[in-house]
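Student: If you scroll down you'll find the structure; I have some questions about it.
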Amino acid sequence: MRRRHNNDNDADKYRVQTSNFPKSDSEHLSFWSSQKRVFGFCLAFRILNSLLVQSYFNPDEHWQGPEVAHRIAFGYGHLTWEWKQGIRSYLHPMLFVVLYRVLAILNLDTPWLMMRAPRLLQSVFSAVGDLYLYKLSAVLFGDRVAKWALFSQLANWFMFYCFSRTLSNSLETVLTLVSLYFWPCMRSSNKCSFVSRKCGLVVAALACAIRPTSAITWLYVGLLELLKAHDRLKFIFLEVAPIGTLVLGLTCLLDRFMYGTWILVPLNFLKFNFLSSGGDYYGTHKWHWYLTQGFPVMIFSHLPFCIAGIIYSKQWKFTGLLAWVLSFYSVLGHKEFRFVLPVLPIALMFSGYSLAVIEDPGSPQYKGKESSKKHTKCPPKMRVAILFLLATNIPMALYMSLVHQRGPEDVMNHLAREALHGKVKSILFLTPCHATPYYSMLHHNLPMQFLDCTPSEEKGVPDESDRFMMDPVPFVSEYAKNWSSPSHVVLFDSEEQKLRNFLISFDFKEERRFFNAHFKVDRDLQTSIVVYVRIR
């Protein structure tokens, strides 16, 4: 393939044109100029981040990653209906399989580590994502913007709350940042475009293999690259097609081995979520939800800085990527915060740009002014901006990570310790479906049951979980006719109040009560989660 020619002078020229933040503050930026130090700092921060995340956010964090890996590594664990219909790839869970087997070999599979180790592993990946946001920002705008882009990412409450969780969306976000760094069309630089594009293609293909909806992002990036390519047919058939086929083929081989039959997971995933609107079974939102509620909540107090950064930087390719992804997901009925997590760092990069402008408003990049001769290390406006962002994001991050909806993880940690001492024989979860972690945290091969929520082929037919939530007492009365009485029952206080007399009649008594939440989210207020134990 013909390589595009460029040189260091061209790259330097582009950087000057893009952003003229002063580079004379070598001492001020010495820490940030070293990528090793940046990564070391990010790694330490994300490890602490993962230890501080002690709340329950989304069932997929446990049920689609660690739970599947636990089944592979230890021989027991639950596979949800998605795995029976072949709409999930084993590529993501295999990361945790390796982790679990190492812990088992070293005899370190204790309740505490089984709870923390997956997030600690994800914290390593998250630190890589932080590093590549820094590198991407440095290539686009220079080191000063890169510093503030990284600050924005580390200070954002939702990134703190979500990035170290074992969701496939978290790893997708890391791979998106890495790939965007390597794509020449997004960097507006053609230097080493042949090698960079190959790396970008490989990482993008991995992102699509782990999360097929990532193809939305790469459709946009691919079209931009296609418009720039001198030989478009060569780009499609000698670059995109071979790399995509190789990654897809290897993923299919892994899934063939794990499923026991040939299955094309990305096709099944897209058919269920896009063509048949299967995700609507779990709830829908209005088309403008991401624009008016979802994304503004995620970016939070960084929003005005993001908007200002977009206007100042005039970096329309990344602005277009933000608009494209948010618009595409807005078309879908089922919406969740985590679906648009991969583009949140891009918005925070613009926030970093705005902060760099506040730090040095005299840069020739703005209003044709000359660079300020006197450079204050931290101007008053900068101090106000930093204090505002920290004061609004830190309390939110800590509250959501340490307080809100922590009950499900606390109760499983308690049951795991009790099971370790032989005090648990079997467990029944009378909660909404997948409301707690499962075997991946209990780590004992005990009989456990929860209320099923497999989507029905007939629309409007309530599942077990729905029927229980609508009228708990009649449902459990009927359910108890065929149960093998468990040693422990777990339920939220909102249902426990209605079932207390029923449980007492079956010789159960309250053992522990764990705080869960101060306010409701999508159901009635679930203030606490309660464990009942059979006394005889």
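The values are calculated or read from the model by the stated rules, or taken from the named source; none is laboratory data. What you see is a predicted model, and the numbers here were worked out from it, not measured in a lab. Note that we place each Cβ from the backbone using ideal geometry, even for glycine, and neighbour counts take in every protein chain shown. For accessibility, only protein heavy atoms count, side chains too; no ligands or nucleic acids. Shrake-Rupley method; radii C 1.70, N 1.55, O 1.52, S 1.80 Å.
Student: Could you run through the range 498-523 and say how many residues are within 20 Å of Asp410 (Cβ to Cβ) and under 37 Å from the mean Cα position of the chain (by Cα)?
Tutor: So the count comes out to 13.
Student: Next question, about the same structure. Failed condition for Lys520, given (1) part of a helix (DSSP H, G or I); (2) open to solvent by 50 Å² or more (accessible area, probe 1.4 Å); (3) within 19 Å of Gly283 (Cβ to Cβ), with all others met?
Tutor: Every listed condition holds for Lys520 apart from (1).
Student: If you don't mind, another one. Out of everything in the range 34-53 that is of a type in the set (S, T, N, Q) and touching a residue at least 40 places away in the same chain (Cβ under 8 Å), what residue ends up being farthest from Phe163 (Cα to Cα)?
Tutor: Of the range 34-53, the ones of a type in the set (S, T, N, Q) are 34-35, 49-50.
Those still in the list that are touching a residue at least 40 places away in the same chain (Cβ under 8 Å) too: 35, 49-50.
Numbers: Gln35: 20, Asn49: 9, Ser50: 9 Å.
Checked the range 34-53; the qualifying residue farthest from Phe163 (Cα to Cα) is Gln35.
Student: Take the range 76-127 and flag every residue that is farther than 17 Å from Ser440 by Cα and aliphatic (A, V, I, L, M).
Tutor: Passing the criteria: Ile87, Leu91, Leu106, Val124, Ala127.
Student: Inside the range 294-341, can you point out the residues that are among the charged types (D, E, K, R) and within 20 Å of the chain's Cα centre (by Cα)?
Tutor: Correct list: Lys335, Glu336, Arg338.
Student: Would you confirm whether any residue within the range 461-474 is open to solvent by 70 Å² or more (accessible area, probe 1.4 Å) and in a loop (DSSP other than H, G, I, E, B)?
Tutor: Yes, the range 461-474 has at least one match.
Student: Still on this structure, please answer the following. Being open to solvent by 60 Å² or more (accessible area, probe 1.4 Å), assigned to a helix (DSSP H, G or I) and of a type in the set (Asp, Glu) is the requirement here; does Glu510 meet it?
Tutor: On the way: open to solvent by 60 Å² or more (accessible area, probe 1.4 Å): yes; assigned to a helix (DSSP H, G or I): no; of a type in the set (Asp, Glu): yes.
Answer is no for this residue.
Student: Just to be sure I understand, how many residues within the range 398-441 are without any contact (Cβ under 8 Å) to a residue 12 or more places away in the chain and at positive phi?
Tutor: Within the range 398-441, residues that are without any contact (Cβ under 8 Å) to a residue 12 or more places away in the chain and at positive phi number 1.
Student: Can you pull out the helices (runs of 4 or more DSSP H) entirely within the range 253-350 that have at least 1 residues that are of a type in the set (Gly, Ala, Ser) and open to solvent by 50 Å² or more (accessible area, probe 1.4 Å)?
Tutor: Those helices (runs of 4 or more DSSP H) span 316-331.
Student: So, one more: Which residues, taken from the range 68-87, are modelled with pLDDT of 95 or more and basic (Lys, Arg)?
Tutor: Once the filter is applied, which keeps residues that are modelled with pLDDT of 95 or more and basic (Lys, Arg), the range 68-87 yields only Arg71.
Student: Also: Can you tell me which residue in the range 20-67 is modelled with the lowest pLDDT, limited to those that are small (Gly, Ala, Ser) and open to solvent by 20 Å² or more (accessible area, probe 1.4 Å)?
Tutor: Selected residue: Ser24.
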